[in-house]
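Engineer: Once you've had a glance at the structure underneath, I'll fire off some questions.
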Amino acid sequence: MGKLGNLGARLHHGEVGYDFVKNRKLWYGISILITITAIVGLAVRGLHMGIEFQGGAVFTTPKNVSASVSQAETYAEEASGHDAIVQKLGDGSLRIQISGTDTEASDQIKEELSKDLDVPAAKIAADLVGPSWGDQIANKAWQGLGIFMVLVVIYLAIAFEWRMALAAFVALVHDITITVGIYALVGFEVTPGTVIGLLTILGYSLYDTVVVFDSLKEQTRDITKQTRWTYGEIANRSINSTLVRSINTTVVALLPVAGLLFIGGGVLGAGMLNDISLSLFVGLAAGAYSSIFIATPLVADLKEAEPQMKSLKKRVLAKRAQAAAKGEPVESDADERYADEAADEPDEAAPAVVGPRNQPASRARGRGRPSGKRR
């Protein structure tokens, strides 16, 4: 087993771990700062909407035009008075997009391009795109997003509880806001591909969050019947036990998307790939971040505000203080946490999910763990 595999096993068994829940205020602050930056970028720069949303004209030249992409862009902007986007297609032809033009202006622009590019006007294909089609796409996207959010909240409230549903909803809004804000700051064009990418990342972000929630639900079953750990500590255990899995799935998902974004869009110049790849890249990274640093710590905050969890936390801390006063060893997150459950299985096959159940103290002895008196 490699180093990463050993680390994953140790995280899963509770032998090592990072206290994500304890430092939740730091993560909240970072997330708020990033979200504010995204909102400011969106308000100041706005989104660069594609021709499908604004309407305009698309011109396609014959193959092997002598003019370069930058030259064709200059010609198009001079002829139309608007910003133009030029892409070189695989067969050597140029695709020129100009927003905000009507039929009369389109004919005039076509004639000007014919002269500048030294191509007969009859060989330049011109297509007009109305803004109503883009409006329909946007409206359908908003409707789909709204329905998706409602169904997600209902499902999570039934499958888990309303606090987890609320935390997942906050994480999804967080991911969407950051992704849209990055689009505004970078200035990439928003196309129907962008909308598809935004809707795609919602499912990924939700999946990553539900994996942690499922582990948390299992480990907190009958939590009030024990006095060894608080809800926040078990929530932190759930994050650590699924951390390597989350990292692995995120990296594997990001690699092909990064290829589309940086190689396909950047190196090869296939600008149309940027539309969907940027939203996927930012959204996947934000989704993995929010499931670890936002959703689960927020659930812990909401749960520990309950009277039962407050009472449990007081009992746990009181027992630890009493044990410390007597000079007895105090369990920590990295030593005897879940020692009883881990002792039930061979070392090489420790249970994947364990909960705070009390078992005889003798089971935990003889395995390299402190054998002090049980509390």
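Engineer: Mind listing the long-range amide H neighbours of MET49? Cut-off is under 5 Å, sequence gap 5 or more, other chains count too, H placed in the peptide plane at 1.01 Å from N.
Structural biologist: Answer set, sorted by chain and number: VAL190.
Engineer: Distance check, please: which entries in LYS303/LYS326; LYS25/LYS225; LYS63/LYS110; LYS110/LYS140; LYS217/LYS319; LYS217/LYS303 exceed 23 angstrom between their Cα atoms? Walk me through the numbers on the way to the answer.
Structural biologist: Numbers: LYS303/LYS326 31 Å; LYS25/LYS225 29 Å; LYS63/LYS110 16 Å; LYS110/LYS140 33 Å; LYS217/LYS319 25 Å; LYS217/LYS303 12 Å.
In this structure, LYS303/LYS326; LYS25/LYS225; LYS110/LYS140; LYS217/LYS319 exceed 23 Å between Cα atoms.
Engineer: A further question follows. How high is the FRET efficiency from ILE154 to ALA318, r the C-beta distance, R0 45 Å, rounded to 0.05? Present the calculation step by step, with values, prior to reporting the outcome.
Structural biologist: Details: r = 39 Å, r/R0 = 0.87.
Calculated transfer efficiency: 0.70.
Engineer: Once phi is turned into θ = phi - 60°, what whole-Hz ³J(HN,Hα) does the Karplus curve with 6.51, -1.76 and 1.60 give for every residue of segment 39-53, x standing for Gly and Pro?
Structural biologist: 5, 5, x, 5, 6, 7, 8, x, 8, 8, 6, x, 5, 5, 9
Engineer: Each residue of segment 93-101 in order: what ³J(HN,Hα) in whole Hz does its phi give by Karplus 6.51 cos²θ - 1.76 cosθ + 1.60, θ = phi - 60°, with x for Gly and Pro?
Structural biologist: 7, 10, 10, 10, 10, 10, 8, x, 10
Engineer: Also, I was wondering about something else. ALA43 versus ASP107, label points 7 Å from Cα toward the beta carbon: distance in nm?
Structural biologist: Those two pseudo-labels are separated by 4.6 nm.
Engineer: Scan around VAL129 for amide H atoms under 5 Å from its own, H built in the peptide plane at 1.01 Å from N, and keep only partners 5 or more places away or cross-chain.
Structural biologist: Sorted by chain and number, the residues that satisfy this are GLY56, ALA57, VAL58.
Engineer: Shifting gears a bit: Just grab the label-to-label distance for THR224 and VAL173, each label 7 Å out from Cα along the Cβ direction, in nm (one decimal).
Structural biologist: 2.9 nm
Engineer: Which ³J(HN,Hα) values in Hz, rounded to whole numbers, follow from the phi angles of segment 293-307 under the Karplus curve 6.51 cos²θ - 1.76 cosθ + 1.60, where θ = phi - 60° and Gly and Pro get x?
Structural biologist: Whole-Hz 3J(HN,Hα) from phi for segment 293-307: 9, 10, 4, 5, x, 5, 4, 4, 4, 5, 5, 6, 7, 6, x.
Engineer: Sorting check: for 279-286, 73-80, which peptide has the highest mean count of neighbouring beta carbons within 10 Å, and how do the rest follow? Don't jump to the answer; show the numbers that get you there.
Structural biologist: On the way: 279-286: 24.0, 73-80: 18.9.
Answer by packing, highest mean first, reads 279-286, 73-80.
Engineer: Oh, and also: What FRET efficiency, computed as 1/(1 + (r/R0)^6) with R0 = 41 Å and r the Cβ-Cβ distance, is obtained for ILE147 and ALA125, rounded to the nearest 0.05?
Structural biologist: Details: r = 38 Å, r/R0 = 0.93.
Once the sixth-power term is evaluated, E becomes 0.60.
Engineer: Compute the FRET efficiency between SER311 and PHE262 as 1/(1 + (r/R0)^6), taking r as their Cβ-Cβ distance and R0 = 51 Å, and round to the nearest 0.05. The partial results should precede the final answer.
Structural biologist: Numbers: r = 53 Å, r/R0 = 1.03.
Efficiency, from the Cβ-Cβ distance: 0.45.
Engineer: In nm, what is the difference between 0.36 nm times the number of residues separating GLU77 and ILE247 and their Cα-Cα distance?
Structural biologist: Values: separation 170, 0.36 × 170 = 61.20 nm, distance 4.51 nm.
Value of the extension gain: 56.7 nm.
Engineer: Starting from the Cα-Cα distance between TYR18 and LYS140, subtract it from 0.36 nm times their residue separation and give me the gain in nm to one decimal.
Structural biologist: Numbers: separation 122, 0.36 × 122 = 43.92 nm, distance 4.22 nm.
Roughly 39.7 nm would be gained on extension.
Each value in this text was obtained by applying a stated rule to the coordinates, not by laboratory testing. Since the structure is predicted, the reported quantities are computational estimates derived from the model, not experimental observations. Positions of Cβ are backbone-derived with ideal geometry, glycine not excepted, and every protein chain shown enters the neighbour counts.
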